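Here is the structure we will look at, set down as structure tokens.
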């Protein structure tokens, strides 16, 4: 197990250390739930001790009063400036789940057909389900709705719906077509995660879209020393995200390119040594 995997496990445990919730099926509701974690981790997961930033953003757009979520937006801005998509690779519990599923032996689709189109699909998802539909629902009916969380998010289904329905059988009476639809989507996602590396991160996740906007300039991340780069293309070939350029909006700072670059042109930047290579590698 490498450094990244250890940090992923620690982060997932820290986000979900309310162990009693997994036993009694009760959602943790203490003051820490007002704080957002960087990655995708459902608020309603019985073990969750903090809020999901995407869920908090959607919550502000639901109900009978639309609010501008300054705190959530500020938190997302801060996370983006400091981490970028480093969060996706190192600090996201749902990213860890995808990494673990991809380790299941079997055939792998390393080069996804229609990759460029699929990458744009996540921008459409973010704009439509995070921005347009919640506001449109409010304008039409007077009640906004968290469209992404309600109709798509597999993290919410896996981390919240599955354990809560298992622990509290009375909740099954409230199951409707939306729950059935989300379980169907979850099944598709889980199966695809075995054969394709992080399909949700790459083609669906709105948080990845947001953090990707900061990836080039975030304090933590991957950079390339152009004067050392020989354009051999090894970084692209070893990248599980199929990033065309190390450190671009697709890059999750997994470190495979830094370990593989024959000319040591790719490095981790950090706030202490922002201008040049950090010493050491990912593993």
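The values are calculated or read from the model by the stated rules, or taken from the named source; none is laboratory data. Just so it is clear, the structure is predicted and the values come from calculations on it, not from any experiment. Positions of Cβ are backbone-derived with ideal geometry, glycine not excepted, and every protein chain shown enters the neighbour counts.
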Check: Of 37, 19, which residue is assigned by TED's automatic domain parsing to the domain that holds residue 198 and under 18 Å from the mean Cα position of the chain (by Cα)?
Finding: 37
Checklist line | Filter result (closer than 17 Å to residue 170 by Cα and either surrounded by fewer than 14 Cβ atoms within 10 Å (Cβ to Cβ) or in contact (Cβ under 8 Å) with a residue 24 or more places away in the chain (or both)) within segment 6-26 | finding: 21, 22, 23, 24, 25
Next item on the list: Go through segment 197-219 and give me each residue that's crowded, with 21+ Cβ neighbours inside 10 Å and either part of a strand (DSSP E or B) or in contact with a strand residue (DSSP E or B) (Cβ under 8 Å, 6 or more places away or on another chain) (or both).
Entry: 215
Next item on the list: Could you run through segment 229-264 and say how many residues are in a helix (DSSP H, G or I), buried (at least 21 other Cβ atoms within 10 Å of the Cβ) and out of contact with any helix residue (DSSP H, G or I) (no Cβ under 7 Å at 6 or more places or on another chain)?
Entry: 1
Next item on the list: Sort out which residues of segment 136-156 are touching a strand residue (DSSP E or B) at 6+ places or on another chain (Cβ under 8 Å) and either surrounded by 14 or more Cβ atoms within 10 Å (Cβ to Cβ) or within 23 Å of residue 187 (Cβ to Cβ) (or both), and write them in order of number.
Entry: 137, 138, 144
Note to self: Checking residue 1 against (1) surrounded by fewer than 21 Cβ atoms within 10 Å (Cβ to Cβ); (2) without any contact (Cβ under 8 Å) to a residue 40 or more places away in the chain; (3) touching a strand residue (DSSP E or B) at 6+ places or on another chain (Cβ under 7 Å): exactly one of these is not met. Which one?
What the structure shows: (3)
Next item on the list: Determine which single condition residue 226 fails, assuming it passes every other condition in (1) outside any helix (DSSP H, G or I); (2) surrounded by 14 or more Cβ atoms within 10 Å (Cβ to Cβ); (3) not assigned by TED's automatic domain parsing to the domain that holds residue 151.
Entry: (2)
Note to self: Against the conditions (1) over 27 Å from residue 126 (Cα atoms); (2) assigned to a helix (DSSP H, G or I); (3) without any contact (Cβ under 8 Å) to a residue 60 or more places away in the chain, where does residue 33 fall short? Just the number, please.
What the structure shows: (1)
Item checked: Qualifying residue in segment 183-195 (condition: under 29 Å from residue 247 (Cα atoms), under 16 Å from the mean Cα position of the chain (by Cα) and assigned to a loop (DSSP other than H, G, I, E, B)) -> no
